[in-house]
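Visitor: Here it is, the structure in full.
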Protein chains: 2
Amino acid sequence: MTYLTNFATLMNSVIITLPDGAQREYPSGSTPMDVALSISEGLARNVLAAKVNDTTVDASTPLIENCKLALLTWNDADGKQTYWHSSAHLLAEALEALYPGVKLGIGPPIQYGFYYDVDFGDAKFTDADFEKLESKMRELAKTNSSFVRKEISKADAVSYFESKGDPYKLDLLKDLEDGSITFYEQGNFTDLCRGPHIPHTGHIKSIKVLSTAGAYWRGDEKNKQLTRIYAITFPKKSELDAHLEMLEEAKKRDHRKLGKELEIYTFDDDVGPGLPLWLPNGGAMIEALESYAKKVEREGGYERVKSPHIARESMYLKSGHLPYYKDSMYPPMEIDGVNYYLKAMNCPHHHKIFAATPKSYRDLPIRLAEYGTCYRYEQSGELFGLMRVRSLQMNDAHIYCTEAQFEEEFQNVNALYLKHFEKFGIEKYVMRFSKHDPARLGEKYIDMPELWIKTEAMVRKVLDKMGVNYVEVEDEAAFYGPKIDIQVYSAIGREFTLATNQVDFAQAERFDLYFINEKNEKERPIIIHRAPLSTHERFIGFLLEHYAGRLPVWLAPKQVIVLPISDKYAAYGDEVVKFLKKHDIRASIDHRSEKAGKKIRDAEVSKTPYMLIVGEKEAEAKSVSVRMHGGTDLGLMELQQFADRIIDEAKL
Amino acid sequence: MTYLTNFATLMNSVIITLPDGAQREYPSGSTPMDVALSISEGLARNVLAAKVNDTTVDASTPLIENCKLALLTWNDADGKQTYWHSSAHLLAEALEALYPGVKLGIGPPIQYGFYYDVDFGDAKFTDADFEKLESKMRELAKTNSSFVRKEISKADAVSYFESKGDPYKLDLLKDLEDGSITFYEQGNFTDLCRGPHIPHTGHIKSIKVLSTAGAYWRGDEKNKQLTRIYAITFPKKSELDAHLEMLEEAKKRDHRKLGKELEIYTFDDDVGPGLPLWLPNGGAMIEALESYAKKVEREGGYERVKSPHIARESMYLKSGHLPYYKDSMYPPMEIDGVNYYLKAMNCPHHHKIFAATPKSYRDLPIRLAEYGTCYRYEQSGELFGLMRVRSLQMNDAHIYCTEAQFEEEFQNVNALYLKHFEKFGIEKYVMRFSKHDPARLGEKYIDMPELWIKTEAMVRKVLDKMGVNYVEVEDEAAFYGPKIDIQVYSAIGREFTLATNQVDFAQAERFDLYFINEKNEKERPIIIHRAPLSTHERFIGFLLEHYAGRLPVWLAPKQVIVLPISDKYAAYGDEVVKFLKKHDIRASIDHRSEKAGKKIRDAEVSKTPYMLIVGEKEAEAKSVSVRMHGGTDLGLMELQQFADRIIDEAKL
């Protein structure tokens, strides 16, 4: 503690450390809003909530101990979340006003906006009612009603909702302990809620009710199906407009729609939900991605291994996945009296491969890579196109290195990420660097304090040195080491969490992995888990949206389509296809007896990057008329000239 | 029936059709041996058994109906099998003479030789006793005792073995029906046996008892463990010598031994038996094989698809694999109340991919390829290295074509096999063309008589036209079409059944697969199943033996090893490795502080095709001294010159 801190404690005041490190003294009991006001009135007007020592709280929370404080506005992710959470309360208030007797479930914020699960009883709520609801919300927002927090005894809370007749809130109350229960009130509405909330409803300006869906109470099919109302709010109309435009664009780019149109993948009832079958066009994308991954990983000194998709129970007991991760795994298959599980992750298999032959420090680092397919159980209601599936083909690798090698290895992994971002034109990304909490060593985190400090410092050093865009997050590391979650944004600004990059001090111990060091002693390697290209499922889903299906040549399943202008030139067209295929170019031909215009239109729909129109002129000159997807006309090109162009463009 | 046949029936004689198509008349009741004697005494001396209408019988069997007849000698596979079966009886006779009271289990012929399962009671039988046994067998063989067949009632058979006190034969008798039981006697030995046998023991000249192993009675671990005695016999000593030499060579080339030495694969208790983990060297071989397969398949117009490793029960009920194939599949996993199975074959998944989008005759043929991993249950006692495993990565593809396209497609598939044989230096192979039996249409074979006849004719035409080495086998087709089993011989002459190539008329119906034909009608495609490169497991196992671990450059996991003659040249060595890696050459370096001689010896053991020795001279001239595995010295080469050589050699 500094001198200032000691002094403040004596004087019954608190020392607030702001994010820039500045320390200020306030009377004990001051609120974040008081702090904001002391800085500027403009700031105070924009404060939505506050972060006190990494916990988000109301801006009206009294500060009675020295703490770190961040004032949250619309520009902070947690500020937005609080804003949308409060908007959900506003929506509920409007619903109660419009539909007296409506029963309410839960109403959390989500990635974009919020929802509320509602039991309308006998009343109907349809798309036609959206505007009425928005208008009531706007009316209530204008009252500038404050969100007021109230601690309440369990008995009083139960009695409140009993008299109101709301079975869902009563069901939620069952799981809560007396003494921990809070209500939030605004205007005429009271909700069972942990908070925090924004100061008042006046912040909520632009409101859009987006859609409804059915949702079982507590996600359980045995319960009643409620109406889930999705909505979003913004402080400015221009932001809402931009968001709606993004949604419109996202709809056009929906990977499920494009996946079907471009014949990338399909689901089949006899195969099962969440288990995509990759059609030839999807197969071609997978091949292209794997070729690319293998190339950069070969250059990065990775070696490829191959492991089965099942293992005995003892493997997952050893890794610790069983019993903790059991719900996410497929049920066991008993063979010869032993339980086998489908693998939900490749790590244990790779550890076994590492352990299979003796290792010396001279052999390290060892980088084992595999596009391994894992199987994870997701509830059928959670499945979503390629984004939430049950089979995952993972761009996996595990790096086994010494402490001395860690920094360089970690830097190389990060460089790989940056290389991928460039390759795929990903302009915006964030790396969330999740660290341990020293107070929870031996409990939430493996008890190796020095290694945590040293590794986190190395991680930070590398991130800083490379100038990557990252945020540090306290107390969110994995049990066995710090991790980095990589979030990328598609071309239309939608966020995707693609991959996790983890440092691991624990598995080497569990699997008794070691190498013989320079002193001829056994030493445990540090393990880095990484999967920068995510899974084929998630990444291809992302790419379809990102490129709106107009895949770059190297990734496009069909790179070239030859369009003979009449049957007379079909033979020459075949010759062109044959020539291109010889150069490993994915070319096909449209042999239908359709007019050239129709063929071009259909080729546009298929989003094939190049159309080669062939007729008399082209056949005579052994050339092709080249038209790019989108309409750009490149004119007449000799066959070899065109092939060279594609080969160059498709280079990995 | 021909005139001759009619006449023969009247005259109480039989018409025998010999393999060359010649017909001869014999008195009814003549035996194959009589037929042999009528041809030549020399032939008769060599006849071991006979094939009458595709059933192997004793040469002494009376022929009482017109039939096809083939006389079997040592040169026929079935002749050898009969010979070794009779040798097993001889071994049993010798055992009873040497170990009175010994109890006998079963004694069948196997691929090379035969075994007998024996309960020695309290007696010991060790390697030291092999010679004594061989000598007793030789002594008994010289008596030229005839093998005499005897039909016996079940009661008499039971009473015989009861008085002899042989519980195993009594156990076998339980499953046999009265009226179907036969004994065979030779010398002092009587066995419960279906036969057939060779005429007499005098044919058995060269005898070798090879090894013993434990074997549970009826393969069931709950039963008593018997001693399985393996032995082999030949008509000539030179043949035995050649066989023993082959065995010796096979031992050196044992894929399990080489797989361990070259660090290709491993098994791990926590993963499970029969589930190989591929180490980096195995991973490199898999990558090389897949690159090669993908290249030739791309050239062949195949498209790559990808399917999950599981599917719902309904899929396998539709395909017909369930319930018939259930014992070979892993047990089901219940998810959301539905049973899922690990796939034991890729076909149903590919059929679903074919069905996912509408197909026109213009789209056909469609060739869907996938290195799909299948899982099959094999009893743990049956597992053997990479040869009998539970996970199989299959070089699979399914071709969907019209009847008109079938011939060309089938020819292309065969051409692919021949291409592979050449690539892998496989000089000897046999294709077993298994056909249907018209009498069993609608029972053993799908009832489409015309398609059977037409397809088999097309298959034969293609085989003849291509001049491939094949044999036709009656009544061994698959249910849904003719098939071709491909047997190849390794460099030391051991036979491996690698792959099956099947024509399929049935699955298109079951999966309702169709295309729209020229007449705008739905039509079923013919399906060809093919997997010429077998599974990675079996094929890599074969290749390790075939090449004795000295893999050709394109397949070798490590293509080049750089050997600095002292630490002084380590840096230049690293430079060489870097240069080669840039050219995608799999190069590594031996950085140990060992003498050059030791490094060369170790590199020889690792069977790396090229060693590059670098010292002062090489570092100065930016070159390498090239030594091939086995010792050939290529002298000094410039780096680029050497790289070009490897690149050329490694071309797919």
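The values are calculated or read from the model by the stated rules, or taken from the named source; none is laboratory data. The model shown is predicted, which means the values in this text are computed figures rather than measured ones. When we count neighbours, we look across all protein chains shown, and the Cβ atoms used for this are built from the backbone with ideal geometry, even at glycine. All accessible areas refer to the heavy atoms of the entire protein, side chains included, with ligands and DNA or RNA removed. Shrake-Rupley method; radii C 1.70, N 1.55, O 1.52, S 1.80 Å.
Visitor: Can you say what percent of the DSSP beta bridges in segment A:560-649, counting only those with both residues inside, are antiparallel? Round to 5.
Guide: 55 percent
Visitor: Can you bin chain A into rounded, prolate or oblate? Criterion: square roots of the alpha carbon gyration tensor eigenvalues sorted a ≥ b ≥ c, rounded for a/c under 1.5, prolate for a/b above b/c, oblate for the rest.
Guide: Judged from the Cα gyration tensor, chain A comes out oblate (a/c at least 1.5, b/c at or above a/b).
Visitor: If you take the accessible area of B alone plus A alone and subtract the pair, what total do you get in square angstrom, rounded to 100, with a 1.4 Å probe?
Guide: Using a 1.4 Å probe, the pair buries roughly 5000 Å².
Visitor: If you don't mind, another one. Using R₀ = 35 Å, calculate the FRET efficiency as 1/(1 + (r/R₀)^6) where r is the Cβ-Cβ separation of B:Ser238 and B:Glu334; round to 0.05.
Guide: Numbers: r = 61 Å, r/R0 = 1.74.
The calculated FRET efficiency here is 0.05.
Visitor: While we're looking at this one, here's another question. Output, in nm with one decimal and in ascending order, the distances from the B:Lys237 label point to the matching label points of the other copies (7 Å from Cα along Cα-to-Cβ).
Guide: Result for B:Lys237, in nm, nearest copy first: 11.0.
Visitor: Using only Cα atoms, tell me the angle between helix B:130-141 and the longest principal axis of chain B; keep it within 0 to 90° and round to the nearest 10.
Guide: 40 degrees
Visitor: Another one. A:Ala213 label points, 7 Å along Cα→Cβ, one per copy: pairwise distances from this copy to the rest in nm, shortest first?
Guide: Its label point is 5.7 nm from the equivalent points in the other copies.
Visitor: Using alpha carbons only, how many angstrom separate the centre of segment B:93-136 from the centre of segment A:62-81?
Guide: Result: 86 Å between the Cα centres.
Visitor: Kindly list the residues of segment A:213-255 that lie in the label zone of A:Glu261, defined by a backbone N under 11 Å from the point 7 Å along the Cα-to-C-beta vector.
Guide: So the set is A:251-255.
Visitor: Just subtract the alpha-carbon distance of B:Lys132 and B:Tyr324 from 0.36 nm times their residue separation and send over the number in nm, one decimal. Don't skip to the end; give the middle numbers.
Guide: Numbers: separation 192, 0.36 × 192 = 69.12 nm, distance 4.72 nm.
64.4 nm is the gain from fully extending B:Lys132 to B:Tyr324.
Visitor: Is segment A:168-216 rounded, prolate or oblate when judged by the Cα gyration tensor, a ≥ b ≥ c being the square roots of its eigenvalues, rounded requiring a/c under 1.5 and prolate requiring a/b larger than b/c?
Guide: Taking the square roots of the gyration eigenvalues as a ≥ b ≥ c, segment A:168-216 is oblate.
Visitor: With every protein chain left in place, what is the accessible area per residue of segment A:268-335 in square angstrom, probe 1.4 Å?
Guide: 34 Å²
Visitor: So, one more: Copy-to-copy spacing for A:Asp464, label 7 Å out on the Cα-to-C-beta vector, in nm, shortest first?
Guide: 8.3
Visitor: Quantify, in whole percent, the carbon and sulfur part of the accessible surface of chain A (1.4 Å probe; protein heavy atoms only). Before the final figure, lay out each step's value.
Guide: Working: 14140 of 28910 Å².
Here carbon and sulfur together make up 49 percent of the probe-accessible area.
Visitor: Amide H to amide H, which residues 5 or more places from B:Asp475 or on other chains are under 5 Å from it, using H placed in the peptide plane?
Guide: B:Lys435, B:His436, B:Asp437
Visitor: Which entries of A:Lys237/A:Lys428; A:Lys294/B:Lys295; A:Lys352/A:Lys483; A:Lys251/A:Lys598; A:Lys558/A:Lys582 have Cα-Cα distances beyond 18 Å here?
Guide: A:Lys237/A:Lys428; A:Lys352/A:Lys483; A:Lys251/A:Lys598
Visitor: Separate question: Nearest 20 debye, what's the magnitude of the dipole of segment B:78-253 about its Cα centre given +1 on Lys and Arg Cβ and -1 on Asp and Glu Cβ?
Guide: 360 debye
Visitor: Still on this structure, I have one more. So which trypsin sites (Lys or Arg not before Pro) in segment A:72-129 are both in a DSSP loop and have at most 12 other Cβ atoms within 10 Å of their Cβ?
Guide: In loop regions of segment A:72-129 (DSSP not H, G, I, E or B), the sparsely surrounded trypsin sites (Lys or Arg not before Pro) are A:Lys124.
Visitor: To continue, here is another question. Considering only DSSP beta bridges where both residues belong to segment A:330-470, give the percentage that are antiparallel (nearest 5).
Guide: Working: 14 of 16 bridges.
Taking every DSSP beta bridge within segment A:330-470, about 90 percent pair in antiparallel fashion.
Visitor: Suppose the chain between B:Asn46 and B:Glu474 were pulled fully straight at 0.36 nm per residue; how much longer would it get relative to their current alpha carbon spacing?
Guide: So the extension gain works out to 151.5 nm.
Visitor: Also: What does the charge dipole of segment B:560-649 about its Cα centre add up to, to the nearest 20 debye, if the Cβ of each Lys and Arg holds +1 and the Cβ of each Asp and Glu holds -1?
Guide: 260 debye
Visitor: Tell me the per residue accessible area of segment A:560-649 using a 1.4 Å probe; a whole number in Å² is fine.
Guide: I get 51 Å² per residue for segment A:560-649.
Visitor: Quick one: length gained pulling B:Ala439 to B:Lys423 fully straight, 0.36 nm per residue minus the C-alpha distance?
Guide: Working it through step by step, the gained length comes to 1.6 nm.
Visitor: Per DSSP H run of at least 4 residues, take -39500 (n - 2.57); add these up for chain B, divide by its residues and hand me the 222 nm value, nearest 500 deg cm²/dmol.
Guide: That calculation yields -10500 deg cm²/dmol at 222 nm.
Visitor: Can you give the angle from 0 to 90° between the axis of helix A:280-299 and the longest principal axis of chain A, with both taken from C-alpha atoms, to the nearest 10?
Guide: The answer is roughly 80 degrees.
Visitor: Which residues belonging to segment A:250-270 lose at least 40 Å² of 1.4 Å-probe accessible area when the assembly is complete, relative to their chain isolated?
Guide: Listed by number, the residues meeting the 40 Å² cut-off are A:Asp270.
Visitor: Within 10 Å of each candidate Cβ there may be at most 14 other Cβ atoms; applying that plus a DSSP loop requirement, which GluC sites (Glu not before Pro) in segment A:468-565 survive?
Guide: Here the sparse-neighbourhood loop sites are A:Glu474, A:Glu518, A:Glu521.
Visitor: Then there is this: In segment A:3-73, what % of DSSP beta bridges are antiparallel (nearest 5)?
Guide: If we restrict to bridges inside segment A:3-73, about 85 percent are antiparallel.
Visitor: DSSP loop GluC sites (Glu not before Pro) in segment A:4-89 with at most 16 other Cβ atoms within 10 Å of their Cβ, which ones?
Guide: Passing sites in segment A:4-89 are A:Glu65.
Visitor: Next question. With +1 on the Cβ of every Lys and Arg and -1 on the Cβ of every Asp and Glu, and nothing else charged, how large is the dipole of the protein assembly as shown about its Cα centre, in debye rounded to the nearest 20? Let's see the in-between values first.
Guide: Details: 170 positive and 196 negative charges, 371 e Å.
Dipole magnitude for the protein assembly as shown comes out near 1780 debye.
Visitor: Here's another thing I want to ask about it. Looking at segment A:304-329, which residues lose a minimum of 30 Å² of accessible area between their chain alone and all protein chains in place, measuring with a 1.4 Å probe and not counting ligands or nucleic acids?
Guide: Going by heavy-atom accessible area, the residues of segment A:304-329 that drop by at least 30 Å² are A:Arg304, A:Lys306, A:Pro308, A:His309, A:Ile310, A:Arg312.
Visitor: Now, a different point. Once both axes come from the Cα atoms, what is the angle between helix B:77-98 and the longest principal axis of chain B, in degrees from 0 to 90, rounded to 10?
Guide: So the helix axis and the longest Cα principal axis differ by about 70 degrees.
Visitor: Something else now. Set Lys and Arg Cβ to +1 and Asp and Glu Cβ to -1, take the dipole of the protein assembly as shown about its Cα centre, and tell me which of A:Val148, B:Leu133, A:Leu98 lies farthest positive.
Guide: Most positive-ward Cα: B:Leu133.
Visitor: Ok, one more. What's the long-distance tail for segment B:3-73, i.e. % of Cα pairs beyond 20 Å? Could the numbers behind the result be given before it?
Guide: Details: 493 of 2485 pairs.
When every Cα pair of segment B:3-73 is considered, 20 percent fall beyond 20 Å.
Visitor: Taking the Cα centroid of segment A:141-212 and of segment A:320-356, what is the distance between the two, rounded to the nearest whole Å?
Guide: Spelled out, the Cα-based centre of one part sits 44 Å from the other.
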